[in-house]
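The values are calculated or read from the model by the stated rules, or taken from the named source; none is laboratory data. All values reported here derive from a predicted model rather than from experimental measurement. Quick reminder, even Gly has a Cβ in these numbers, built from the backbone with ideal geometry, and neighbours come from all protein chains shown.
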Amino acid sequence: LIVLKPNNVFRETSSRFFGSPSKRGAAKKLLAGFLVAFLLTGCREVTDFAGIPNALDARGPAAADITVLWWIMFWLGTAVFLLVTGLSLYIVINRRQATPNPELRSVDSNAVEDHSWIWYGGVIMPSIILVIVLFFTLRSLAATAKPPVLSDIEVEIVGWTWFWEVRYPHENFATANEMYIPVGTPVLLRLTSADVIHSFWVPQLHGKMDLIPGRTNTFWIQADEPGIYRGICAEFCGAQHARMQFMVVAVSEEEYIEWANRQSQPAADPQNELVARGRAVFETNDCAFCHTVRGTQANGQLGPDLTHVGSRLTLGAGTLVNNRGNLAGWIVDPQHAKPGNLMPRTNLPSEDLQALLAFMESLE
Ligand code: CUA
């Protein structure tokens with residue numbers, strides 16, 4: 001409403017404070033404005049192919065267990081809230097109806113008052129509820145601590161401000177900001193950080209686990225259905241904490257093996273002159289100081305490994321969808337889409353930029 005009829009809303013909002021007769025209309029419109037703003041918070045992001053990372057929409061065994069615990073706590077909390085609110089209303093309403101009688105009160109003050117409700121309501125009931133919550137919490141902690149079966153797929157994840165380095169040590173390759181896993185198989189994760197504390201969270205697959213510098217935390221995830229699950233950094237780590245996302249792509253066993261085989265290959269040799277020129281641009285400019293492209297002379301260690309960047313879903317850890325236009329914008333001015341990240345602006349002649357784009361798109 002504020003967008004469609006700004007004059008009306010603001011005129012009537014101000015009249016609310018200046019005492020015009022249309023107070024109620026203005027209040028309603030203000031309320032509607034807030035409601036619309038509230039609903040807009042549910043809008044999908046640019047990476048809408050990955051769906052919403054909803055912790056109550058579990059797609060793996062650990063997340064399913066946590067969801068049950070969530071609902072138990074939700075309904076217990078709701079019951080306590082309703083009970084306390086009901087009792088408070090009861091007292092307020094009865095106080096109002098009671099007619100004060102000073103004489104009666106002075107007689108009553110000699111009688112011994114019954115305070116046993118303090119014990120029931122203040123000690124016994126909270127103790128029972130907390131013991132129930134503790135029981136289910138310990139049960140969930142034990143159930144989700146270890147995977148149901150051990151698999152030999154291991155992934156090392158290193159948090160950087162602000163991207164995720166993803167290494168598959170057995171398959172001997174590194175990628176960034178996305179990982180493929182086979183459906184129905186638990187995958188062991190080893191998590192650490194290169195700088196500050198981050199937290200790995202794929203709400204549909206498991207709870208959170210911190211990435212702490214100088215320490216390795218083990219964790220696991222399993223997806224029971226194929227799909228792209230969005231992960232987020234769940235520990236505030238600086239200005240672009242919100243743009244530190246990653247994708248977990250759950251596929252069939254065969255597709256996983258195919259993907260891992262392709263990832264472990266070095267970059268393909270240039271198939272045409274433009275790509276060859278782009279590769280030379282990459283190797284001789286600043287790109288190579290920070291990024292690695294296996295099979296080329298670029299072996300920088302400060303930024304994401306770009307060996308197969310052309311096959312990735314997003315750029316800048318979920319900031320932009322990976323397509324030619326976004327890639328060009330990112331290379332020319334990465335500070336526009338993600339201010340504060342370590343990548344500087346580039347000032348390439350347009351022929352070099354076109355060649356570089358062709359090279360990067362060839363890295364599939
Ligand atoms: Cu990394 Cu928040």
- Of the residues P213, P270, P266, which single one is modelled with pLDDT of 95 or more, over 17 Å from the mean Cα position of the chain (by Cα) and of a type outside the set (G, A, S)? P213
- So E255 clears everything in (1) in contact with a Ser or Thr (Cβ under 9 Å, 6 or more places away or on another chain); (2) more than 16 Å from the ligand (Cβ to nearest atom); (3) not in a strand (DSSP E or B) except one condition, right? Which one? (1)
- Message: On the basis of being touching a residue at least 60 places away in the same chain (Cβ under 8 Å), surrounded by fewer than 19 Cβ atoms within 10 Å (Cβ to Cβ) and more than 16 Å from the ligand (Cβ to nearest atom), does Q265 make the cut?
- Response: no
- Item | Residue under evaluation G86, criteria (1) over 30 Å from V149 (Cβ atoms); (2) at pLDDT below 90, criterion not met | (2)
- Scanning region 44-64 residue by residue, those among the small types (G, A, S) and at pLDDT 90 or above turn out to be A58, G60, A62, A63, A64
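Let's see how each residue does on (1) modelled with pLDDT under 95; (2) over 15 Å from F163 (Cβ atoms); (3) aliphatic (A, V, I, L, M):
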| site | (1), (2), (3) |
| --- | --- |
| F282 | yes, yes, no |
| C287 | yes, yes, no |
| Q297 | yes, yes, no |
| Q301 | yes, no, no |
| N323 | yes, yes, no |
| H336 | yes, yes, no |
| L342 | yes, no, yes |
| T346 | yes, yes, no |
| L356 | yes, yes, yes |
- From T13, T41, T67, residue being surrounded by 13 or more Cβ atoms within 10 Å (Cβ to Cβ) and at pLDDT below 80: T13
- How many residues, within region 162-194, are farther than 12 Å from C233 by Cβ and out of contact with any Lys or Arg (no Cβ under 8 Å at 6 or more places or on another chain)? 21
- Using the structure shown, decide if A276 is small (G, A, S), part of a helix (DSSP H, G or I), in contact with a Pro (Cβ under 8 Å, 6 or more places away or on another chain) and surrounded by fewer than 19 Cβ atoms within 10 Å (Cβ to Cβ). yes
